[in-house]
Every structure is written in structure tokens, then in C-alpha cells.
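S.K.: Dumping the structure here so I can ask a few things about it.
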Amino acid sequence: MPVPQSLLVAIGGNATHPESIRGTTEEQERVAERAAQALLPLIRSNNRILITHGNGPVVGKILLRMMLTREQIPPMRLDVCVAHSQGGIGYLLMQALENAMRRAGIERQAACVVTQVEVDAHDPAFDAPSKPIGAFFSEPEARAFEARGWRMMDDAGRGWRHCVASPEPRAIINLHVIRALLESGTVLIAGGGGGIPVVRDAKGDWQGVQAVVDKDLTSALLARSLGVPDLLLLTAVDRVAIDFNTPRQRYLDQVTLAELRLHQQAGHFARGSMGPKIEAAIRHLEGGGRRAVIGHLEHALPALAGHSGTHVVHG
């Protein structure tokens, strides 16, 4: 099928900062260039395209940097760290997209909106931090970080990571700006890292809080708020599997909303890996979306066309 007129594309944090790089600016520029080339086939001359991205590896490094220098430089609050990661990742992606479009003869501009997302100050997630971010550590390393004040968790058997509160996204504060830029034809990056979490204080003013909102859940909320029918969730795997890493492992090519709910309830999707994407796909369809596709970043167009990826549809 052709590229739809309105599309939201969510790319994972590892698509902008994979574990295989040290994280130099030049490395991140090359990664952003590859992401832009993968996304370029989705950009037509006049379609509305909104790109969200994860920030787990980057915001994790910001926190680690602060941990190691906190005696010399006062640490920033986590919402400010999210804002820093939004700006940095957004800049690299925006520049890479502009360069790719220029070379392809596509006369469009790219922009990045530093996006705030409202959360509930009384969300139970604040009392039970559960979102893993940053690099993977061994258990002894994790215990050493715990002694310095970090909360650590085992992430789906892949190693130990710093974990933080991850409240539910309730509303997109900058929605009118995002909508206006999309309508103007801008290739837009927004909701980076799930958005900067903010709450209303006693005076009614916005105030940032110590949390990271899940990027995929914010993407589903953005799609619903903007009336975008197609949600494309791009990651480092081609398809979703159930009974993962067991002799019964089976890939899902097309699955109905009802079937996916049953797989989710059976515990097939780990919280630190595929779980948020599955939840986002479910919410997208429950909120009136047409379909959600989960696929590999480098196969973005084939996934959208139905030649790869896992397609979640109404039954």
C-alpha cells in the first residue's frame, strides 16, 4: 500500500544511540544519517509525518555523567535531563533529515518541538520506579550504584540498568504547535523521550517532575490526539515473537487486537523491551486508530507496505 497521508513514526532510543557505539558526536551523526535514510522513503512531498524517538541510552548517560561529577557540578533534575536529550537527539535527527531530503530533491523543512507532557502528580509510578534507562551493568556494578543512591533493576535478563519513575502520559501540552507545524508541511520531530513530564502546581503553573514518560505510550497518545490513523513503531527486530527465546517461539505477522491482548495478558512481552510497544499498539487501536505496525527501522517502508513487521489490526 502507498505511504499514508498521515503517519506517526516512533523510533527506539537504540536507533539514535545503539549500544555498539561509544557515543561520540561523530558516531551519533552517522547513526542519525542511517535513521534518516531509513525514514526517507516514508516522506512524500505533501504527507503529514510526525517522528518520535526514544532517549533511554542518552538520558541514561546524562544521569551517569552527573553521578560521576556531582561533587563538582550540581546535578540537574530528571525532567531537565529529558529536555537536554530531546534537544540533542532532535538536532541530530533534524539535520540528518534535512540533508537526506535535500539530496533526494524533496523540498521540505524539518523541525523539532521540545515537547512537554502532562502527568498525574499522584501517579502510583512515582512510588514504584520501573522504567530502565541507560547502559547495562553487571550485578556487582549495579550494587555499587545502589550504594550511591541509584535504584537498579534486572532488565529482561540482559543486565542491570538504572530505573526511574514512569507515569502515564495524560495530555500533550504543545499539541497546537505540533498540529500547526504538521499542517504547514514540516517534517516534524516531537515527543522525544516520551516528552518532558510536567504537572500543575498549587498555583496552576507547570512544573517538571523526576520521571521519564514512555516514548511509545506518548506516541499512541499523540496519534490519538492528532487523529493519525497509522502508527509505525520501529525498533531493532523485524517482528514480534511470543514464547520468545524458547523452543516454542513463534513470530506474529498479523494479529488482531483481541489476540494481542490475550498474548499480553499471558506475559509474553517484557516490560523493558517489547512490552511498551505492545501496549502502545493496543491503545492506538482502542483509541480509534486504523492499524499499528511494529518492525525494523531499516525496513520501514516494507513494514508499512505489509511485507515485513507485525501488523496489529481490528478483528
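The values are calculated or read from the model by the stated rules, or taken from the named source; none is laboratory data. The structure displayed is predicted, hence computed values, not measured ones. Virtual Cβ from ideal backbone geometry, glycine too; neighbours counted across all protein chains shown.
S.K.: Given the criterion in contact with a Phe, Trp or Tyr (Cβ under 7 Å, 6 or more places away or on another chain) and outside any strand (DSSP E or B), identify the matching residue among ALA142, ALA121. Show your work before the answer.
M.R.: Working: ALA121 fails: in contact with a Phe, Trp or Tyr (Cβ under 7 Å, 6 or more places away or on another chain).
Answer to the check: ALA142.
S.K.: Report whether or not VAL313 is under 18 Å from the mean Cα position of the chain (by Cα) and of a type outside the set (Phe, Trp, Tyr). First the steps, then the outcome.
M.R.: Numbers: under 18 Å from the mean Cα position of the chain (by Cα): no; of a type outside the set (Phe, Trp, Tyr): yes.
For VAL313, the condition - under 18 Å from the mean Cα position of the chain (by Cα) and of a type outside the set (Phe, Trp, Tyr) - is not met.
S.K.: Still on this structure, I have one more. Regarding ILE73, is this residue in a loop (DSSP other than H, G, I, E, B) and in contact with a helix residue (DSSP H, G or I) (Cβ under 7 Å, 6 or more places away or on another chain)? Break it down into steps so the answer makes sense when it comes.
M.R.: Values: in a loop (DSSP other than H, G, I, E, B): yes; in contact with a helix residue (DSSP H, G or I) (Cβ under 7 Å, 6 or more places away or on another chain): no.
Against the criterion (in a loop (DSSP other than H, G, I, E, B) and in contact with a helix residue (DSSP H, G or I) (Cβ under 7 Å, 6 or more places away or on another chain)), ILE73 does not qualify.
S.K.: Let me ask you something else. Just checking, how many residues over region 202-224 are surrounded by fewer than 15 Cβ atoms within 10 Å (Cβ to Cβ) and more than 17 Å from LEU78 (Cα to Cα)?
M.R.: Result for region 202-224: 4.
S.K.: Identify, from the list ALA32, ALA36, ALA100, ALA83, the residue that is surrounded by 14 or more Cβ atoms within 10 Å (Cβ to Cβ), modelled with pLDDT of 90 or more and in contact with an Asp or Glu (Cβ under 8 Å, 6 or more places away or on another chain). Explain how you work it out, then say what you get.
M.R.: Values: ALA32 fails: in contact with an Asp or Glu (Cβ under 8 Å, 6 or more places away or on another chain); ALA36 fails: in contact with an Asp or Glu (Cβ under 8 Å, 6 or more places away or on another chain); ALA83 fails: in contact with an Asp or Glu (Cβ under 8 Å, 6 or more places away or on another chain).
From the options ALA32, ALA36, ALA100, ALA83, the qualifying one is ALA100.
S.K.: Could you check region 202-315 for helices (runs of 4 or more DSSP H) lying wholly inside it with 2 or more residues that are hydrophobic (A, V, I, L, M, F, W, C) and within 21 Å of ASP120 (Cα to Cα)?
M.R.: Details: elements: 215-226, 257-265, 275-286, 300-305.
Hits in region 202-315: 215-226.
S.K.: Do we find a residue being closer than 19 Å to VAL312 by Cα, among the polar types (S, T, N, Q) and at pLDDT 95 or above anywhere in region 182-191? Don't jump to the end; show me each part of the working.
M.R.: Residues of region 182-191 that are closer than 19 Å to VAL312 by Cα, as a first pass: none.
No: zero hits.
S.K.: Among the residues of region 164-180, write down those that are surrounded by fewer than 22 Cβ atoms within 10 Å (Cβ to Cβ) and of a type outside the set (Val, Ile, Thr).
M.R.: GLU168, ARG170, ALA171, ASN174, LEU175, HIS176, ARG179, ALA180
S.K.: A follow-up question, please. Output the residues belonging to region 262-277 that are farther than 21 Å from PRO57 by Cα, surrounded by 16 or more Cβ atoms within 10 Å (Cβ to Cβ) and either of a type in the set (A, V, I, L, M, F, W, C) or touching a helix residue (DSSP H, G or I) at 6+ places or on another chain (Cβ under 7 Å) (or both).
M.R.: GLN264
S.K.: Which of the residues belonging to region 1-29 are at pLDDT below 95, of a type in the set (Val, Ile, Thr) and either surrounded by 15 or more Cβ atoms within 10 Å (Cβ to Cβ) or not in a loop (DSSP other than H, G, I, E, B) (or both)?
M.R.: Within region 1-29, VAL3, THR16, THR25 qualify.
S.K.: Could you run through region 76-112 and say how many residues are in contact (Cβ under 8 Å) with a residue 24 or more places away in the chain and in a loop (DSSP other than H, G, I, E, B)?
M.R.: 5
S.K.: Tally up the residues in region 45-70 that are modelled with pLDDT under 95, under 16 Å from the mean Cα position of the chain (by Cα) and not in a helix (DSSP H, G or I), please. If you could, list the steps in order and put the result at the bottom.
M.R.: Start the filter on region 45-70 by keeping residues that are modelled with pLDDT under 95, which leaves 45-47, 54-70.
Checking which are under 16 Å from the mean Cα position of the chain (by Cα) leaves us with 54-60.
Those left that are additionally not in a helix (DSSP H, G or I): 54-55.
The qualifying residues number 2.
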